[in-house]
Amino acid sequence: MGKTLAEKVWEAHVVSRADGEPDLLYIDLHLVHEVTSPQAFDALRSAGRVVRRPDLTLATEDHNVPTIDIDKPIADPISRAQVEALRKNCAEFGVPLFPLGSEDQGIVHVVGPQLGLTQPGMTVVCGDSHTSTHGAFGALAFGIGTSEVEHVLATQTLPLKPFKTMAITINGPLPEGVTAKDLILAVIAQIGTGGGQGYVLEYRGEGVEGLSMEGRMTLCNMSIEAGARAGMVAPDDTTFDYLQGRPHAPQGADWDAAVAYWKTLRTDADARFDAEVVIEASELSPFVTWGTNPGQGVPLAGVVPSPDDAADEVERVAIERALEYMALTPGTPIREIPVDTVFVGSCTNGRIEDLRAAASILEGRKVADGVRMLVVPGSVKVRLQAISEGLDRVFIDAGAEWREAGCSMCLAMNPDKLTPGERSASTSNRNFEGRQGPGGRTHLVSPQVAAATAVTGHFASPADLA
Amino acid sequence: MEAFTVHTGTAAPLRRSNVDTDQIIPAEYLKRITRHGFEDGLFSAWRSDPDFVLNQPEYAGVSVLVAGPDFGTGSSREHAVWALQDYGFTVVISSRFADIFRGNSGKAGLLTALVDQETVERLWALIEADPTTAVTVDLEAQTVSAGDLVASFDVDPYVRWRLLQGLDDIGITLQKEDAIATFESSRPAYSPTTIG
Ligand code: SF4
């Protein structure tokens, strides 16, 4: 029987296998940031261990860093301590680090791909659940806990039980105005926030093949919000074109050898998935979440659901609770909900194409009165690219705040937060209670919808602005 | 990790059931950046109470905790295990442990000895009557003894093996270092590195 893409990558990384034991899997790339690594380094130190492969490890500062006044000391003592600990640990253990102020600093899941470090067929881990982003390249990439971070630092391997596989096939091309973000929100609304539990999702079909690498990253990024360990897209010419010429991509004869191997990384015709989901692209439209988990979403043209729509008692209670937290009334058209803040950024939608999309809508327009808009590039490189294209002027002229790179309002570990009761349209990935600040109310959207919403002051798509 | 064969020490009675991980160590201690020094957070809500058992001078220096049923319920935080170890506990005895807590304990080298509730009651009586009572936990024989009490305890066989060998997860993997090195030597030349 043939193999799926995920199984091929897995098999190529088995260091040892024995009956009754998990496989020991080799890790090609270990990404590190300041929040989940300090205890791992501390434990290594007290056990007298070293980092086995600093040259397969890369650290960046992202979760805690401020996005203004980055030349001043970090004000919050806990954030500062975590950042300082990372610097000290990287120096002591020889791990390369992109600190605040470096040209390569940025969100860990933006930095790896832009350097060409994330490549097809690799195993990539990070102490962060959105590591699934890197699966866009046909890599097996997943988030790990702090003790696993320590394990990878010390051994460059992880003992793991195989994941199950799920195919998510998108038939037909995405309609005009529908983005990768709308697609993944629709997938999660369909399979549920627990629907992917224990699975690696492989996104396939015309609707996925037509996406750019950045769109594929957006898609894979949110696999975790469906409960999945990882998401993957088979590498193709789009992948190879994106990688060629990047700083860490292979060159010359190495490039040819790599591409020849990467081309074998497709699910065999006779391979079997443990589960399959099919979505017709023609049925998709811009999506907005109304509730407090990423599965609670509806089309922009829809209305806030009612507890009476629930399939069972558990769901009824969940809807009631979400409506109360979000201060929404059932039946309200999504387009009529006003917002206070618009956030464009994060490892889901903080790349150059996202900024271009938002800027193209804001060009010649203004952010509505009373609405605050934050545009936070995913990395310094993205920021510099945007400036070279004049996008910063578009944002500033429209009345948005143009910030430095980092996670920012995605999780509000830095000063960028919602105040209690504030409502946001956000391009990030989690709308949990308090995720963007205590009492904050988050609606997840694409950069296109975010920008149009900033202009009108309530949820809107670019088509509404005509 | 140090190998665990036989441990003898004094014990503290924790006459409470359903002690959850928030009670073992509250969330505010999770912001720390070190792997050690969590002893000050252990049972922090109760430590301000002068009557709390660990505040009694006769229970200073204990290394065995005898707890009520359902110890360690709640979150998966490994800090709960670290806090117990940092305080000086080597063994926790109870008639029921939460699964995740028990798993985390095994990984970190804290022995969770599962006994019947009757044994817990007898141990409580003994160590309350005389706090200097020595409690001996023999992992090889899987027995706990104190005074004239000898009782057997349950422990996951794999965890028992690891503790007897003194191997943590990393130690176990490093036993396969040859296989890792062999795998590394066969990685393709184009595999990227982060340096240079
Ligand atoms: S942008 Fe948000 S989701 Fe992504 S790594 Fe940062 S905090 Fe996590």
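The values are calculated or read from the model by the stated rules, or taken from the named source; none is laboratory data. As the structure is a computational prediction, the values presented were derived from the model and not from experiment. No Cβ is skipped: glycine too gets one built from the backbone with ideal geometry, and neighbour counts run over all protein chains shown. The accessibility values were calculated without ligands, DNA or RNA, using every heavy atom of the protein model including side chains. Shrake-Rupley method; radii C 1.70, N 1.55, O 1.52, S 1.80 Å.
Residue by residue through segment A:343-371, note down the ones that are open to solvent by 70 Å² or more (accessible area, probe 1.4 Å) and more than 18 Å from residue A:114 (Cβ to Cβ).
Answer for segment A:343-371, where residues must be open to solvent by 70 Å² or more (accessible area, probe 1.4 Å) and more than 18 Å from residue A:114 (Cβ to Cβ): A:360, A:363, A:364, A:365, A:366, A:369, A:370.
Sort out which residues of segment A:17-60 are of a type in the set (Gly, Ala, Ser), within 9 Å of chain B (Cβ to nearest Cβ) and surrounded by fewer than 19 Cβ atoms within 10 Å (Cβ to Cβ), and write them in order of number.
A:46, A:47
Kindly state which helices (runs of 4 or more DSSP H) lie completely within segment B:154-196 and contain at least 1 residues that are over 30 Å from residue B:97 (Cβ atoms), open to solvent by less than 50 Å² (accessible area, probe 1.4 Å) and more than 7 Å from chain A (Cβ to nearest Cβ). It would help to see each step written out before you state the result.
Working: elements: B:157-165, B:169-174, B:177-185.
Answer list for segment B:154-196: B:177-185.
Of the residues A:387, A:396, A:352, only one is over 24 Å from the mean Cα position of the chain (by Cα), under 21 Å from residue A:68 (Cα atoms) and at pLDDT 95 or above; which?
Details: A:387 fails: over 24 Å from the mean Cα position of the chain (by Cα); A:352 fails: over 24 Å from the mean Cα position of the chain (by Cα).
Exactly one of A:387, A:396, A:352 is over 24 Å from the mean Cα position of the chain (by Cα), under 21 Å from residue A:68 (Cα atoms) and at pLDDT 95 or above, namely A:396.
Which residues, counting only those in segment B:58-87, are in contact (Cβ under 8 Å) with a residue 60 or more places away in the chain and touching a helix residue (DSSP H, G or I) at 6+ places or on another chain (Cβ under 8 Å)?
Taking segment B:58-87 first, the residues in contact (Cβ under 8 Å) with a residue 60 or more places away in the chain are B:58-59, B:64, B:66, B:84.
Residues satisfying the conditions are B:59, B:66, B:84.
Go over the candidates A:253, A:310, A:281 one by one and state the one that is of a type in the set (A, V, I, L, M, F, W, C), at pLDDT 95 or above and either within 16 Å of the ligand (Cβ to nearest atom) or open to solvent by 20 Å² or more (accessible area, probe 1.4 Å) (or both). Break it down stepwise before answering.
Values: A:310 fails: at pLDDT 95 or above; A:281 fails: either within 16 Å of the ligand (Cβ to nearest atom) or open to solvent by 20 Å² or more (accessible area, probe 1.4 Å) (or both).
So the residue among A:253, A:310, A:281 that is of a type in the set (A, V, I, L, M, F, W, C), at pLDDT 95 or above and either within 16 Å of the ligand (Cβ to nearest atom) or open to solvent by 20 Å² or more (accessible area, probe 1.4 Å) (or both) is A:253.
Taking segment B:109-135, which residues are in contact (Cβ under 8 Å) with a residue 60 or more places away in the chain and part of a loop (DSSP other than H, G, I, E, B)?
Going residue by residue through segment B:109-135, those that are in contact (Cβ under 8 Å) with a residue 60 or more places away in the chain are B:109, B:111, B:123-124, B:127-128, B:131-135.
Matches in segment B:109-135: B:109, B:131, B:132, B:133, B:134.
Just to be sure I understand, how many residues within segment A:410-444 are closer than 18 Å to residue A:68 by Cβ, touching a strand residue (DSSP E or B) at 6+ places or on another chain (Cβ under 7 Å) and either within 12 Å of the ligand (Cβ to nearest atom) or within 14 Å of chain B (Cβ to nearest Cβ) (or both)?
Count: 2.
For residue B:116, are the conditions met, namely being surrounded by fewer than 21 Cβ atoms within 10 Å (Cβ to Cβ), touching a His at 6+ places or on another chain (Cβ under 8 Å) and modelled with pLDDT of 95 or more?
Details: surrounded by fewer than 21 Cβ atoms within 10 Å (Cβ to Cβ): yes; touching a His at 6+ places or on another chain (Cβ under 8 Å): no; modelled with pLDDT of 95 or more: yes.
Taking the combined requirement at face value, the residue does not satisfy it.
Closer than 27 Å to residue B:132 by Cβ and either buried (at least 16 other Cβ atoms within 10 Å of the Cβ) or under 15 Å from the mean Cα position of the chain (by Cα) (or both): does that describe residue B:100? Explain how you work it out, then say what you get.
Working: closer than 27 Å to residue B:132 by Cβ: no; either buried (at least 16 other Cβ atoms within 10 Å of the Cβ) or under 15 Å from the mean Cα position of the chain (by Cα) (or both): yes.
When the stated conditions are applied, residue B:100 does not pass them.
Residue A:183 fails exactly one of the following numbered conditions: (1) away from the ligand (no atom under 16 Å from the Cβ); (2) away from chain B (no Cβ under 14 Å); (3) assigned to a helix (DSSP H, G or I); (4) open to solvent by 10 Å² or more (accessible area, probe 1.4 Å). What is the number of that condition?
Result: residue A:183 fails condition (4) only.
If a residue has to be in contact with a helix residue (DSSP H, G or I) (Cβ under 6 Å, 6 or more places away or on another chain) and either β-branched (Val, Ile, Thr) or within 16 Å of the ligand (Cβ to nearest atom) (or both) to count, how many in segment A:49-65 make the cut?
6
Considering only strands (runs of 3 or more DSSP E) fully contained in segment B:1-84, which possess at least 2 residues that are open to solvent by less than 20 Å² (accessible area, probe 1.4 Å) and within 30 Å of residue B:171 (Cα to Cα)?
On the way: elements: B:6-9, B:11-14, B:64-67.
Because the criterion is at least 2 residues that are open to solvent by less than 20 Å² (accessible area, probe 1.4 Å) and within 30 Å of residue B:171 (Cα to Cα), the strands (runs of 3 or more DSSP E) in segment B:1-84 that meet it are B:64-67.
I'd like to verify a number: residues in segment A:387-409 that are away from the ligand (no atom under 16 Å from the Cβ), among the small types (Gly, Ala, Ser) and either buried (at least 23 other Cβ atoms within 10 Å of the Cβ) or within 14 Å of chain B (Cβ to nearest Cβ) (or both), how many?
Kept after step one, since they are away from the ligand (no atom under 16 Å from the Cβ), are these residues of segment A:387-409: A:387-402.
Filter once more, so that each one left must be among the small types (Gly, Ala, Ser): A:388, A:390, A:398-400.
The next check asks that each one be either buried (at least 23 other Cβ atoms within 10 Å of the Cβ) or within 14 Å of chain B (Cβ to nearest Cβ) (or both); those that pass are A:400.
Selection size over segment A:387-409: 1.
Output the number of the condition that residue A:373 fails; it satisfies all remaining conditions of (1) more than 17 Å from residue A:130 (Cβ to Cβ); (2) of a type outside the set (S, T, N, Q); (3) within 16 Å of the ligand (Cβ to nearest atom).
Condition not satisfied by residue A:373: (3).
Among the listed residues A:74, A:68, A:107, which satisfies the condition of being within 14 Å of the ligand (Cβ to nearest atom), away from every other protein chain (no Cβ under 12 Å) and either closer than 15 Å to residue A:415 by Cα or at pLDDT 95 or above (or both)?
Numbers: A:74 fails: within 14 Å of the ligand (Cβ to nearest atom); A:68 fails: within 14 Å of the ligand (Cβ to nearest atom).
Answer to the selection: A:107.
Give segment A:318-342 a look and list any residue that's under 25 Å from the mean Cα position of the chain (by Cα) and of a type outside the set (A, V, I, L, M), or say none.
A:325, A:340, A:341
In segment A:110-163, what residues are among the small types (Gly, Ala, Ser), within 12 Å of chain B (Cβ to nearest Cβ) and farther than 28 Å from residue A:20 by Cα? Before the answer, list the steps.
Of segment A:110-163, the ones among the small types (Gly, Ala, Ser) are A:112, A:116, A:121, A:127, A:129, A:132, A:135-136, A:138-139, A:141, A:143, A:145, A:147, A:154.
Those left that are additionally within 12 Å of chain B (Cβ to nearest Cβ): A:112, A:116, A:121, A:139, A:145, A:147, A:154.
A:112, A:116 - these are the residues of segment A:110-163 that are among the small types (Gly, Ala, Ser), within 12 Å of chain B (Cβ to nearest Cβ) and farther than 28 Å from residue A:20 by Cα.
Suppose we keep only residues that are without any contact (Cβ under 8 Å) to a residue 40 or more places away in the chain and among the hydrophobic types (A, V, I, L, M, F, W, C) within segment A:77-89. Which one would you say is farthest from the ligand (Cβ to nearest atom)? Even if it seems obvious, please write down each step before you answer.
Here is the first cut: in segment A:77-89, the ones without any contact (Cβ under 8 Å) to a residue 40 or more places away in the chain are A:77-78, A:80-81, A:84, A:87-88.
Remaining after also requiring among the hydrophobic types (A, V, I, L, M, F, W, C): A:78, A:81.
Working: A:78: 15, A:81: 18 Å.
That would be A:81.
Just need a number here: residues in segment A:77-89 that are open to solvent by 20 Å² or more (accessible area, probe 1.4 Å) and either within 21 Å of residue A:379 (Cα to Cα) or away from chain B (no Cβ under 12 Å) (or both). Quick ask: steps written out before the conclusion?
Narrowing segment A:77-89 to residues open to solvent by 20 Å² or more (accessible area, probe 1.4 Å): A:77-78, A:80-81, A:84, A:87-88.
Now narrow it down to the ones that are either within 21 Å of residue A:379 (Cα to Cα) or away from chain B (no Cβ under 12 Å) (or both): A:80, A:84, A:87.
Of the residues in segment A:77-89, 3 are open to solvent by 20 Å² or more (accessible area, probe 1.4 Å) and either within 21 Å of residue A:379 (Cα to Cα) or away from chain B (no Cβ under 12 Å) (or both).
Do you know which residues across segment A:234-280 are more than 23 Å from residue B:187 (Cβ to Cβ), among the aliphatic types (A, V, I, L, M) and under 26 Å from the mean Cα position of the chain (by Cα)?
Restricting attention to segment A:234-280, the residues satisfying the condition of being more than 23 Å from residue B:187 (Cβ to Cβ) are A:236-238, A:241, A:267-280.
Now drop any that are not among the aliphatic types (A, V, I, L, M), which leaves A:269, A:271, A:275, A:277-279.
Selection gives A:275, A:277, A:278, A:279.
What pairs come up if the first residue lies in segment A:227-243 and is under 22 Å from residue A:196 (Cβ atoms), the second is open to solvent by less than 20 Å² (accessible area, probe 1.4 Å) and modelled with pLDDT under 95, and their beta carbons are under 6 Å apart, counting only those six or more places apart or on different chains?
A:227/A:196; A:228/A:196
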